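Step one of this worksheet: look at the structure below.
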Amino acid sequence: MDYTGDVSRGSAPAVRTLDHLTITKVSVGPMDNNAYLLRCGDDQLLIDAANDDDTLLALIGPAGLSTVVTTHRHGDHWQALEDVVSATGARSLAHSDDAAEIPVVTATLAEGDTVTVGDCPLEVIHLVGHTPGSIALLYRDPNGHGHLWTGDSLFPGGVGNTHGNKENFASLIDDVERKLFDRLPDDTWFYPGHGKDSTLGAERPHLQEWRTRGW
């Protein structure tokens with residue numbers, strides 16, 4: 001079946017197979033958080049050990065896990081982190097500006113860093129506004145379009161919640177426009193922290209609309 005990215009808690013994971021990277025998306029927890037297991041060669045990396053540790057550990061399976069990346073500090077994105085790290089021995093990475101509020105972080109990340117899963121590099125992009133240390137991860141498929149994991153910084157229909165804080169909203173929309181939309185082509189597929197996926201091309205026409213409404 002073609003990958004759609006449509007998942008819900010308790011549904012089967014959605015699996016997308018690229019030439020070098022396999023992406024498995026699953027929804028966990030009462031807030032329907034998306035967790036993403038990336039596999040390149042014999043190596044696996046998890047983006048957001050959000051909840052339902054049994055589900056995540058079953059997904060990881062006997063192949064093991066080398067790395068967990070937490071996209072930001074909010075608790076719904078790391079409820080299973082301690083259990084997953086304890087069970088797998090994986091390193092736990094997060095941006096330095098959010099690390100203090102995440103229960104286990106073994107090393108910190110910054111803008112422009114590269115996190116690898118097997119031979120597949122993921123570029124760290126720092127997006128300030130939803131939280132101080134929110135990040136996205138970018139995989140540039142050498143044989144296809146880009147793949148971007150945006151946490152809660154970018155969704156179909158708008159940027160992440162800044163709870164009415166005008167300064168935070170301005171920071172987030174500026175970072176999203178400058179670091180994502182201005183740099184990356186329309187066919188870049190993005191995978192958010194909740195809900196359905198989209199492409200930058202589908203969302204690009206609405207950027208000014210988002211600025212005008214202020215959320």
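The values are calculated or read from the model by the stated rules, or taken from the named source; none is laboratory data. Just so it is clear, the model here is predicted, and its values are computed rather than measured. Here the Cβ is made from the backbone with ideal geometry for all residues, glycine too, and neighbour counts use every protein chain on show.
Values for this structure:
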quantity: Residue check for Gly201: touching a residue at least 60 places away in the same chain (Cβ under 8 Å), surrounded by 14 or more Cβ atoms within 10 Å (Cβ to Cβ), of a type in the set (Gly, Ala, Ser) and within 30 Å of Arg39 (Cβ to Cβ); calculated: no
quantity: Positions within segment 162-215 being β-branched (Val, Ile, Thr), assigned to a helix (DSSP H, G or I) and either modelled with pLDDT under 95 or touching a helix residue (DSSP H, G or I) at 6+ places or on another chain (Cβ under 8 Å) (or both), in sequence order; calculated: Ile173
quantity: Lone qualifier among Gly151, Gly133 - being within 24 Å of Leu18 (Cβ to Cβ) and not aliphatic (A, V, I, L, M); calculated: Gly151
quantity: Residue list for segment 152-197, filter: surrounded by 15 or more Cβ atoms within 10 Å (Cβ to Cβ), of a type in the set (Gly, Ala, Ser) and under 21 Å from Met31 (Cβ atoms); calculated: Ser153, Gly158, Gly160, Gly193, Gly195
quantity: Residue check for Leu65: buried (at least 20 other Cβ atoms within 10 Å of the Cβ), aliphatic (A, V, I, L, M) and in contact with a helix residue (DSSP H, G or I) (Cβ under 6 Å, 6 or more places away or on another chain); calculated: yes
quantity: Members of segment 130-151 found to be in contact with a strand residue (DSSP E or B) (Cβ under 7 Å, 6 or more places away or on another chain), in a loop (DSSP other than H, G, I, E, B) and crowded, with 22+ Cβ neighbours inside 10 Å, listed by number; calculated: Gly133, Ser134
quantity: Test: Asp53 is of a type in the set (D, E, K, R) and out of contact with any helix residue (DSSP H, G or I) (no Cβ under 8 Å at 6 or more places or on another chain); calculated: no
quantity: Residue within segment 179-189 that is closer than 18 Å to Asp98 by Cβ and either of a type in the set (Val, Ile, Thr) or in contact (Cβ under 8 Å) with a residue 12 or more places away in the chain (or both) present; calculated: yes
quantity: Residue that is nearest to Asp98 (Cα to Cα) [pool: residues in segment 57-79 that are touching a Leu at 6+ places or on another chain (Cβ under 7 Å) and of a type in the set (A, V, I, L, M, F, W, C)]; calculated: Val69
quantity: Boolean, Asp119 is surrounded by 22 or more Cβ atoms within 10 Å (Cβ to Cβ), closer than 28 Å to His20 by Cβ, in contact with a strand residue (DSSP E or B) (Cβ under 8 Å, 6 or more places away or on another chain) and touching a residue at least 40 places away in the same chain (Cβ under 8 Å); calculated: no
